[in-house]
Amino acid sequence: MSELRSPPGTFDVLPPESARWEALVATFARVVESAGYGLILTPTFEDIAVFKRVGESTDVVRKEMYDFEDKGGRHVALRPEVTASVARAYIQHRPALPWKTWYAGSNFRYERPQAGRYREFRQVGIEAFGTDDADVDVEVVALGWEFYKQLGINRIELQLNSLGDSTCRPGYRELLLAYLRERRDDLCDDHKARLEENPLRVLDCKKPACREVVNGAPLQIDHLCDDCSAHFERVKRGLGALGIAYTISPLLVRGLDYYTRTTFEYTGLALDSAQNGIGGGGRYDGLVGAMGGPETPAVGFALGVDRTLLAATAEDVTGPLDARPAVDVFVVDFAGGDAARDLTAELRKAGVRADRAFDGRSPKAQFKAADRSGARLALVVGPDEAAAGVVAIKDLQAGGDQSQVELGGVVEEVLRQLGK
Ligand code: HAM
């Protein structure tokens, strides 16, 4: 039998590397919960109809969906993103507005795997439902920015655009279409064939042929209606007031079709340009209505966990993502094992991360395991200590400094030495 391996485009995250994931999500939770966002959990798979609305003309829906018929004959899909699931949950439960949620979890897109592009990848994100106030756009963008700051990631460019709304987008779409029709022969093959379906996609196309044509195309930000224009101005003013630098990117249309007005992306400048989109989002005032719910404005973002960690590595950041040992204390017991059993239990109850060796290993092997664990302190119980009812405390990091305490006072002394 050939060796079993994880599927292409997926990967395992083992300890200690996994501690970075925990730290990232904990930091994200702290930042967004400080602004009143509450955790939402939704299923990892949904009826395929939930995801159709993110855009029939997008690669995500056309080519990348992990969809299948389940044993009950239902057509379901592994979620390619979370926004549509949150909108579905909103329509189903109708929580009071404004409704602010955050999430962390896996998404699935059948893409060609490469560094920074996976078939199962993780996102953290937030969604705010129920207000079209431009200040909530500012809040959302600023929370993503603050999160990166707290991780110590600084080399980020924030790209900002407005895609208009149902008042001004249709007119702009016609303008763009007229411009592109005249140049259809110069477009890449894909867009030559699919121009009428969604001309905005051309703006985003990475192929040199399309890029050339797009140079000189009419831009949505030059054709916003008064309301969209005022909204965009307020967003820009708000970001300015909070000291958040941004670049206006009139060609930013993003890969999903539900966006209206504000759209944005965080670009990791330390990453290779092919996969440097570390997060993005925007307003989607029409999605809930299009999914059969009441017209409800909304705005949010999702950040790629995998790419954010790649950016952190590329920038060599220090902060919450720094490696930390799995335990603080390691109990070395070569007097029968009772002390190891009882002391680790007591320490854990007191909130101290503690480990031990098993299998009655030799003192030498146990000290080696203590060193490997990264623990600050070793508690040592040999036959002499056991007979005297004491424990030796060895500081494994301060040159092996050693002291001795009565068995009954160990936990207190450990807490003191760890500064807890
Ligand atoms: P998205 O731009 O499709 O937006 O994905 C957000 C982030 O997920 C990307 O910037 C990227 O970092 C990461 N990502 C996407 N695909 C992959 C992949 N195959 N491998 C690794 N990372 C990936 C959304 O998903 C929207 N739901 C964002 C949103 C929330 N808009 C409004 N609310």
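Here is the figure for the range 122-135: residues that are open to solvent by 20 Å² or more (accessible area, probe 1.4 Å), touching a residue at least 12 places away in the same chain (Cβ under 8 Å) and over 21 Å from R88 (Cβ atoms) total 1.
Number of residues in the range 1-17 that are of a type outside the set (F, W, Y), within 17 Å of the chain's Cα centre (by Cα) and within 16 Å of the ligand (Cβ to nearest atom): the value is 3. Within the range 306-332, no residue that is under 14 Å from N276 (Cβ atoms) sits with its Cβ atom under 6 Å from a residue that is at pLDDT below 95 and surrounded by fewer than 18 Cβ atoms within 10 Å (Cβ to Cβ) at 6+ positions apart or across chains.
Within the range 233-244, identify whether any single residue is surrounded by fewer than 18 Cβ atoms within 10 Å (Cβ to Cβ), of a type in the set (D, E) and not in a loop (DSSP other than H, G, I, E, B), and answer yes or no. Yes, the conditions are met somewhere in the range 233-244.
Scanning the range 61-102 for residues that are of a type outside the set (A, V, I, L, M, F, W, C), more than 16 Å from I48 (Cβ to Cβ) and within 13 Å of the ligand (Cβ to nearest atom) returns Y90, K100, T101.
In this structure, is R173 open to solvent by 20 Å² or more (accessible area, probe 1.4 Å) and touching a Pro at 6+ places or on another chain (Cβ under 8 Å)? Yes, satisfied. A count restricted to the range 245-266 and to residues that are open to solvent by less than 50 Å² (accessible area, probe 1.4 Å), within 16 Å of the ligand (Cβ to nearest atom) and at pLDDT 95 or above stands at 11. Residue count for the range 15-60 under the criterion of being in contact with a Phe, Trp or Tyr (Cβ under 7 Å, 6 or more places away or on another chain), loosely packed, with under 14 Cβ neighbours inside 10 Å and assigned to a helix (DSSP H, G or I): the result is 0.
Evaluating F232 against the criteria (1) closer than 20 Å to I126 by Cα; (2) more than 9 Å from the ligand (Cβ to nearest atom); (3) of a type in the set (F, W, Y) leaves one unmet condition, (1). Say whether the condition of being among the hydroxyl-bearing types (S, T, Y), under 22 Å from the mean Cα position of the chain (by Cα) and more than 10 Å from the ligand (Cβ to nearest atom) is met by at least one residue in the range 113-133. Looking for residues that are among the hydroxyl-bearing types (S, T, Y), under 22 Å from the mean Cα position of the chain (by Cα) and more than 10 Å from the ligand (Cβ to nearest atom), one finds none in the range 113-133, hence no.
When you look at G105, is it away from the ligand (no atom under 11 Å from the Cβ), surrounded by fewer than 13 Cβ atoms within 10 Å (Cβ to Cβ) and either at pLDDT 95 or above or not in a strand (DSSP E or B) (or both), yes or no? So G105 fails the test. Counting only strands (runs of 3 or more DSSP E) that fall entirely inside the range 273-390 and contain at least 3 residues that are crowded, with 22+ Cβ neighbours inside 10 Å and away from the ligand (no atom under 16 Å from the Cβ), the qualifying elements are 329-333, 377-381.
The values are calculated or read from the model by the stated rules, or taken from the named source; none is laboratory data. Quick caveat: nothing in here was measured; it's all calculated off a predicted structure. Please note: Cβ atoms are built from the backbone with ideal geometry, for glycine as well, and neighbour counts cover all protein chains shown. For accessibility, only protein heavy atoms count, side chains too; no ligands or nucleic acids. Shrake-Rupley method; radii C 1.70, N 1.55, O 1.52, S 1.80 Å.
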